[in-house]
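The structure under discussion appears below in the form of structure tokens.
Quick note: the coordinates plus some simple rules give every number you see, no bench work behind them. Because the structure is a prediction, the values reported are computed rather than measured. Heads up, the Cβs are rebuilt from the backbone with ideal geometry, glycines too, and the neighbour counts pull from every protein chain shown.
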Amino acid sequence: MRELDADVRYLRGVGEQRARALAKLGITDLKSLISCFPRAYDDRTAMRTIASLEAGETACVRAMVAQPPTLHRVRRGLELVKVRVVDATGSLYLTFFNQAYIRDALHHGETYTFYGKAEINGTQRQMANPVFEREDAAQVTGRIVPIYPLTAGLGQSFLLRTVRQGLDDCMGALTDPLPDELRQAHNLCHIGFAYENIHFPDSFESLSIARRRFVFEELFILSLALRLVRAHRAEVTPPRCGAVDMSPFYAALPFSLTGAQSRCVEEILRDMCAARPMNRLCQGDVGSGKTMVAAAAIYFAVRNGHQAALMAPTEILAAQHHTSLAPLFDTLGIRCALLTGSMRAPQKRKLLADLAAGEIDVLIGTHALISEQVSYRALGLVVTDEQHRFGVQQRAALWQKGAHPHILVMSATPIPRTLALIIYGDLDVSVLDELPPGRQSISTYAVPTSYRPRIYAFLKKQIKDGRQGYIICPMVEENDELPDERKAVTAYAEQLSGEVFPDLHVAALHGRMKSAEKERIMRAFAGGEIDILVSTTVVEVGVDVPNATVILIENAERFGLSQLHQLRGRVGRGQHSSHCILVSDNDSPECRARLEAMCKTRDGFKLAEEDLRLRGPGDFFGARQHGLPALKVADLSCDMQLLTEATRAAEDILARDAALSKYDTLRTRIAELFAAQQGALN
Ligand code: ADP
Ligand code: MG
């Protein structure tokens with residue numbers, strides 16, 4: 001038996017190279033190995049006799065090798081191994097392409113199970129490249145076979161063998177985080193059964209029993225963690241706040257707040273005067289005016305003698321907030337600074353010193369704002385704009401610094417109500433359900449690439465009328481290693497400015513640029529010096545250029561609905577009516593449904609519900625948009641029942657033992673959950 005923390009390198013066939021490849025899947029020890037669940041399963045349970053095989057059917061047959069296999073060199077680069085196998089009902093002709101070793105792997109007179117797709121040629125039954133093995137240790141035939149997530153250098157059969165060995169070796173070392181009585185009360189299987197059957201189910205029923213247990217466990221532990229965070233919040237003393245005259249702030253605004261904005265501000269100020277730190281989410285569709293709500297909260301905090309941090313997901317957005325808020329705060333006598341990654345060391349040192357001395361009231365920036373080296377004199381409020389990756393763990397990071405500021409999270413990502421329960425288990429929510437007056441309509445069209453000349457003509461006309469436009473190219477994630485993104489965007493921009501819009505000013509923007517460069521371009525675009533901005537999704541969230549009225553989205557099929565909605569929100573922000581053009585040649589029904597939904601509605605909530613229906617919630621969690629741990633097994637669109645059960649169970653257990661003092665394994669799991677997310681801070 002091996003312990004769960006045993007390094008994978010002890011396993012058969014795992015050397016340095018494969019260990020590195022495994023590490024890419026997050027697998028370093030036995031624990032992470034057996035926690036790497038299959039992403040799908042291949043049903044290979046269908047057994048047929050040779051005579052009953054139908055054309056095109058994929059199935060297993062048990063058959064004996066009737067003649068020694070023969071090797072044929074057809075031409076350079078093409079070798080065939082041919083072999084005839086038989087059972088009581090007939091003959092089957094097998095062909096293997098470029099796998100010469102198979103000639104010696106199949107023995108004349110012995111019986112194997114073959115799994116593959118049957119073809120019928122005249123009267124001859126054939127299979128090409130079937131998977132085969134001997135009956136005594138069936139792993140890949142005659143049963144349900146796991147399909148693992150792959151990475152370069154690792155094949156399915158290697159992973160399957162390795163997981164098999166790993167699971168056998170540590171089966172005895174598994175400890176169940178779920179207390180027995182809980183397991184029994186909720187009809188959950190034993191942990192050993194669960195691991196065995198999530199990897200190597202002996203039937204689909206066993207798989208579903210195993211899966212149900214993991215889903216429950218995952219949701220239960222997450223619920224517990226969120227509740228512990230909430231309990232902790234009740235214990236700490238918040239930065240003290242009292243009534244403040246807000247009228248100077250309102251007087252300095254160029255408009256009056258919408259009803260929804262005022263209501264939201266009231267809720268925030270009330271929270272900040274309460275006996276525990278605020279933890280509020282302000283959720284409002286793109287353009288609903290969240291920034292001013294944040295500004296009001298900041299004003300209130302600063303007038304109460306606290307400092308505030310305003311955190312944006314990208315440097316562009318941080319700079320934009322600084323540009324739009326600094327003049328406002330300035331007239332109010334509030335000192336506001338921007339912390340960027342491109343700052344020179346002496347400049348940065350000075351800024352941090354001022355901050356520590358309390359000479360800066362509001363600091364704007366990215367996640368760097370809550371990093372270790374930044375210390376505040378009196379941090380009273382943290383506002384995160386666009387919620388990305390700010391969650392339980394980030395709060396934990398703040399606590400580790402000894403700070404318990406009020407927290408306000410602004411989000412335009414509309415979360416379907418079904419998900420809100422778990423995601424916001426620890427948040428109070430305000431909703432901005434009203435757009436500022438005078439908003440213009442956005443017409444949305446989905447068109448094939450053949451429309452491009454017409455689209456370009458349309459863009460030209462808009463720009464001639466004094467407007468600006470975005471063109472979005474899909475990109476790989478900013479931290480992905482694919483080199484193409486920069487090239488795609490730059491090349492497209494060059495082509496446009498050279499051939500299509502020779503007399504317009506076209507510029508490119510992408511995630512690989514230095515932030516100073518990005519900022520310069522965004523500023524030039526906001527200032528009207530650039531007519532067309534060709535960009536990756538770095539402009540997805542929050543960018544505000546009211547004069548931009550057209551957004552053209554290339555390869556629209558590559559984006560999720562919520563993302564398309566975010567992108568569309570870049571236009572329709574000023575007094576001109578706007579247009580969103582979705583370009584795609586993809587005809588799949590799923591893609592059509594998505595683009596149609598975009599054309600039909602502008603309501604972010606409706607689109608999010610639709611997204612959930614079309615794609616499942618994987619993306620909500622997969623992208624870690626909410627600072628929550630990615631759920632491995634729980635599919636929240638269909639596991640709501642189980643979610644309710646798990647949430648109640650978490651409440652019950654905490655009611656009996658608030659510190660979980662009797663549940664060591666549970667405590668460990670929760671600690672791991674927090675620790676696993678530290679990386680998301682960067
Ligand atoms: P969000 O962050 O919610 O997408 P912003 O805060 O960027 O929206 O606001 C969008 C635009 O609306 C900005 O140009 C802002 O100045 C303007 N705005 C905000 N509140 C109001 C209001 N009450 N009346 C008129 N315009 C407003
Ligand atoms: Mg915003």
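Listed values, structure above:
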read-out: Other-chain or far-sequence residues with amide H under 5 Å of Ala138's (modelled H); value: none
read-out: Charge dipole (the chain, unit charges on Cβ, about Cα centre) - positive-most of Leu352, Gln495, Gly109; value: Gln495
read-out: Under 30 Å from the Cα of Lys290 - lysines, other chains or at least 8 residues apart; value: Lys348, Lys401, Lys514, Lys518, Lys600, Lys606
read-out: Helix-only mean residue ellipticity at 222 nm for the chain, each DSSP H run of n ≥ 4 adding -39500 (n - 2.57), per residue, nearest 500; value: -12000 deg cm²/dmol
read-out: Nearest-ten-degree value, helix 345-356 long axis tilted from longest Cα axis of the chain; value: 70
read-out: Translational diffusion coefficient (Stokes-Einstein; Kirkwood radius from C-alpha pairs) of the chain at 4 °C, 1.567 mPa s, in µm²/s; value: 45
read-out: Local electrostatic count, Phe249, Cβ distance below 15 Å [Lys/Arg +1, Asp/Glu -1]; value: -3
read-out: Semi-axis lengths (Å, descending) of the ellipsoid that matches the C-alpha gyration tensor of the range 46-142; value: 20, 16, 12
read-out: Antiparallel %, DSSP beta bridges [both residues in the chain], to 5; value: 40
read-out: Residue exposure sequence - Val489, Val14, Val74 - by fewest surrounding Cβ within 10 Å; value: Val74, Val14, Val489
read-out: Sparse-neighbour loop sites [GluC sites (Glu not before Pro); the range 66-172; at most 11 other C-beta within 10 Å; DSSP]; value: Glu110
read-out: Residues whose placed amide H lies under 5 Å from that of Leu338, excluding near-sequence neighbours; value: Ile364
read-out: Given the chain, longest segment not containing exposed loop chymotrypsin sites (Phe, Trp or Tyr not before Pro) (DSSP; at most 14 other Cβ within 10 Å); value: 256-682
read-out: Normalised per residue, the volume of the convex hull around the Cα set of the range 442-601 (Å³); value: 108
read-out: 5 angstrom amide H check on Tyr148, placed H, neighbours 5+ away; value: Arg39
read-out: Extension gain, Asp330 back to Lys514 (0.36 nm per residue minus Cα-Cα distance, nm); value: 63.4 nm
read-out: Unit charges on C-beta of K, R, D, E only; dipole of the range 204-275, Debye; value: 200
read-out: Given charges at beta-carbon only (K, R positive; D, E negative), |dipole| of the chain in Debye; value: 960
read-out: Fewest-first ranking of Arg73, Arg452, using other Cβ atoms within 10 Å as the exposure measure; value: Arg73, Arg452
read-out: Dipole of the range 46-142 [Lys/Arg +1, Asp/Glu -1 at C-beta], most positive-end residue of Tyr93, Leu80, Met127; value: Leu80
